[in-house]
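These notes are about the structure you will find just below.
The values are calculated or read from the model by the stated rules, or taken from the named source; none is laboratory data. From a predicted model like this one, the values you see are computed outputs, not experimental measurements. Cβ atoms come from the backbone with ideal geometry, glycine included; neighbour counts cover every protein chain shown. These accessible areas exclude ligands, DNA and RNA; they are computed on the full protein's heavy atoms, side chains included. Shrake-Rupley method; radii C 1.70, N 1.55, O 1.52, S 1.80 Å.
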Amino acid sequence: MEQVPAQNACSAAAVRPFGITHRDVLRIACPMMIAYLSSPLVGLVATGVIGQLREEALIGGVALSAVIFDVTFVTFNFLRGATTGFTAQALGAGDRRAEQRMLASGLIIALVAGLALLVLQKPIGELGLDAMGAEGAVRDAASTYFAWRIWSAPFVLFNFVVFGWVIGRGDVFWGMILQTLLNVLNAVLSIYWVMGVGWGVAGVAVASLVAEVVTALAGLYLIWAKSDQNAWSLPDFSVFRRAFSVNGDMMIRSFALLIGLSFFTRQSGTLGIEILAANTILLRFYFFGVAFLDGVATAAEQLAGRAVGARYRPAFDRTIRLTTLWGFLFAGLVSVAFLSGGGWVIDITAPTGTVAALAERYLPYVVALPIFGIVAFQMDGVYIGATWSRQMRNLMVGSLAIYFAVWAVLQPLLGNDGLWITLILFQSARSVAFRLMLPRLADRTFPTGTSSAR
């Protein structure tokens, strides 16, 4: 069944013109880069803190268990993306009541899903560790981490929705505050409870739990302070139907992306514990780079979604051009930073000299990733803002199929080099597929007569 054009979801029928400038892009992208940057720093701090205990099994256990949460939680990251798209479109259409109905439906879905994860925590944990091939001391460490962190599930999903709502509204300052609060608190508590109190792996997991709870409380206050109390209404069946349709597609897309990254970590483990530790450190570089790329993607989300809601093609086209320009600029800066500072970071985070040497050997692949992946991130933002969820789902699944086909050839031939090349080609396939589909989707979405760019 053909997806309903995104603009039809908004109640305002008139075109609502507005301009897009470089300042508009940077006003959203730069604060979000600062906010997102704190996420990989938390991972880097956690890896470094556990690394100070000088046990490779602990690093491997945390890495494997973290993958389970990546798959579990980030699979539900559609809640953030869909809320951003719906909210930005409602903002463009000037429909406050629609904005808050979609927020309410997202919060209800998040809380129900979070409670379901708590009920199903035992089979999720056991199946996840089995799928990751965790055994012995590595499995023990992973189990400890999982047992504590799973209790954050309802708060994590709640925070996804709140963050999406804030970004969709263009309140980037508060988005930065929420994300920074979450990650700084997480990092500080990790250091204290591992190095100061001696809680080990459990300390890192409990730090994540407490940080999510505190951030959820801050988000609840923001909803109360920034919403229009007279515009609240319970979501009806049509609202939930649209939310489930878009969210379901985005869930499959998120799950496909996480399968790719999780499979990379799992295959690293099959090459030995030292390769697993080295690749885990290098993936932290990748997630650091993602902070900058996601800043541009967030600008694309908000501005493209607003243009769709306003039914104004010139603003949409301008968003594509400007986010492409700034995306490649920031991707180049990230690659230069990886090349110049990578050795120093590896030296302070690697638990052994052997792991450090391996990480430095494979560092060039991480240097290349931002350049090959920037268009994929930008297009993610555009498709999310426009709620082109069905096409996003199909293109992501197709890219994942290419990823597995390439891996089946390259890893047996080239080992860990083949694994990294496969990851780069995965990002490249996403970039090409999403960009080629864009013009046709834009022509379908915007009405005739609004297609000329300024």
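Here each label is just a point 7 Å from Cα along the line to Cβ, and for residue 354 and residue 405 those points are 3.8 nm apart. Give the residues of the range 180-196 whose amide nitrogen is closer than 12 Å to a point set 7 Å from the Cα of residue 210 in the direction of its Cβ. Only 185-196 pass the distance filter. Distance between the modelled labels on residue 220 and residue 339, one decimal in nanometres: 4.9 nm (7 Å Cα→Cβ projection).
Using only the Cα atoms of the range 168-288, build the gyration tensor, take square roots of its eigenvalues as a ≥ b ≥ c, and label the shape rounded, prolate or oblate: rounded if a/c is under 1.5, else prolate if a/b is larger than b/c, else oblate.
Values: a/c = 2.74, a/b = 1.41, b/c = 1.94.
Judged from the Cα gyration tensor, the range 168-288 comes out oblate (a/c at least 1.5, b/c at or above a/b).
Since only 447, 103, 29 are under comparison, the one whose Cα sits farthest along the positive direction of the charge dipole of the chain, derived from C-beta charges on Lys, Arg, Asp and Glu, is 447.
Estimated from helical segments only, the mean residue ellipticity of the chain at 222 nm is -29500 deg cm²/dmol, where each DSSP H run of four or more residues counts as -39500 (n - 2.57).
Note on the range 176-215 and the range 253-273: Cα centroid distance 25 Å, given to the nearest whole angstrom.
Accessible surface calculations at 1.4 Å, restricted to protein heavy atoms, place the chain at 39 Å² per residue.
Calculate, for residue 192 and residue 18, the FRET efficiency according to 1/(1 + (r/R0)^6) with r their C-beta to C-beta distance and R0 56 Å; round to the nearest 0.05. Before the final figure, lay out each step's value.
Working: r = 47 Å, r/R0 = 0.83.
After rounding to 0.05, the efficiency reads 0.75.
Positive-end ranking of 78, 155, 357 along the dipole of the chain, with charges on Cβ about the Cα centre, is headed by 78. For the range 296-350, the share of accessible area belonging to carbon and sulfur comes to 70 percent (1.4 Å probe, ligands and nucleic acids excluded). Per-atom-type breakdown for the range 85-204 gives carbon and sulfur 70% of the accessible area (1.4 Å probe, protein chains only). The gain in end-to-end length when the residue 444 to residue 232 segment is fully stretched comes to 73.1 nm, 0.36 nm per residue minus the alpha carbon separation.
Residues within the reach of a label modelled at residue 34 (point 7 angstrom out along Cα to beta-carbon, backbone nitrogen below 17 Å), restricted to the range 150-188, are 167, 170-185.
Could you work out the local net charge near residue 295, counting Lys and Arg as +1, Asp and Glu as -1, over the other residues with Cβ closer than 14 Å to its Cβ? List each step's numbers first, then the result.
On the way: positive: 27; negative: 24, 294, 301, 380.
Residues near residue 295 contribute -3 overall.
For the chain, what does the equivalent ellipsoid look like in terms of its semi-axes, each the square root of 5 times an eigenvalue of the Cα gyration tensor, given largest first in whole Å? Intermediate values should be presented prior to the final figure.
On the way: eigenvalues 254, 124, 77 Å².
For the chain, the semi-axes come out at 36, 25, 20 Å.
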